[in-house]
Structure formats: structure tokens, C-alpha cells
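Notes follow the structure.
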């Protein structure tokens, strides 16, 4: 049975902090646009307050979340228990992208271990917290973090990463600008 809350309570925060993976979902306004769903890990999530969260986002082949947030702000973040008691927790809200070189980046970045592969921080103002049973989520064992993104970034170097971001992260799959659009 789903339960709804106006903020992240202590038990919600404890559950969030125990998870090794979370998922983000966003979508453009256009009905012809593509819904984006992305898995995230690497100890990248932080609860900033009962109604504000942030996650460090690493380089990827696309930048759909940033484009969707720039266009309409809508985001859902989901955590689910793969061990222990079953549980699903969703955070619904409005988000935005924080880029390096801004005062908010300077404020938030110390909260994270930022590998060279970090490209932005996604901040969400949470307006609804939902929990549900999670009975259908299977058990999985956590074996550790992958290191490919870090090795990829180290091999590219700062100049190579900038070139990659300019080519791959400025515009979404649907042709929407991302927060990085004017950066290059």
C-alpha cells in the first residue's frame, strides 16, 4: 500500500542512505519525446534537507535529465530495497542542474567525492515522498562499484572530457538543449 509524505523523514533518510543504487526518471513536455530512466550509483546521492536532495552526475553518452529539467523541471527519483525488508521510496519534485564554476557548485561539490568523470550536480526540491511495499523487487547482492567511468575519464583527460561533453552532452536525444548548451 502506498503512503505519501510531505517531506523526507528520518526513517526515509536512513533507507535512502543504505541504498547502493537509485534511479532517476524525467521526460520532455512533448508527447513525441522520450522518457528517460537512468540508474545511478557511486555513493552519489545526498539528502540536503527534508525537502531537498542532490546527486552527483557523471559523464554519459547523453544528458537527457538535464535537458528535461531545463525544459520543465519534473523529476522522480526511486530507491528500492534489494536486501532486507521490501520497500520502494520515490521522491517527486522539480529539479535543476548545477554546473562547475558556479557558486552553488562551490557550495555542493564538497559533499561528494567528485571523480574526474563528474559533469554536474542535479538538485531536486522534493514535494512528495511516496513509499510502497516493494514485494515484487527481487533480492540482489551488492558486489561493489564499477570503475569503468573513472578509468574512461582518466584516459580522456580534462581536454578530452570537454570535447566529449561538447559533442554528446549539449543536446538531448529529442533535440532539447541541456544546461551545458551554452558552456561550449
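The values are calculated or read from the model by the stated rules, or taken from the named source; none is laboratory data. Small disclaimer: the values here were computed from a predicted structure and weren't measured. As a convention, Cβ positions derive from the backbone with ideal geometry for all residues, glycine included, and neighbour counts pool all protein chains shown.
Per the listing 55, 92, 96, the residue uniquely touching a residue at least 12 places away in the same chain (Cβ under 8 Å), touching a helix residue (DSSP H, G or I) at 6+ places or on another chain (Cβ under 8 Å) and assigned to a strand (DSSP E or B) is 96. Residue 29 meets all of the listed conditions (1) at pLDDT 95 or above; (2) within 25 Å of residue 115 (Cβ to Cβ) but one, namely (2). Criterion first (without any contact (Cβ under 8 Å) to a residue 24 or more places away in the chain, over 16 Å from the mean Cα position of the chain (by Cα) and not in a helix (DSSP H, G or I)) does residue 143 satisfy it? It is true that residue 143 is without any contact (Cβ under 8 Å) to a residue 24 or more places away in the chain, over 16 Å from the mean Cα position of the chain (by Cα) and not in a helix (DSSP H, G or I). Within region 155-184, count every residue that is exposed (fewer than 11 other Cβ atoms within 10 Å of the Cβ) and either part of a helix (DSSP H, G or I) or touching a strand residue (DSSP E or B) at 6+ places or on another chain (Cβ under 7 Å) (or both). Qualifying residue count, region 155-184: 5. (1) surrounded by 14 or more Cβ atoms within 10 Å (Cβ to Cβ); (2) touching a residue at least 60 places away in the same chain (Cβ under 8 Å); (3) at negative phi: which one isn't true of residue 65, the others all being true? Condition (2) is where residue 65 drops out.
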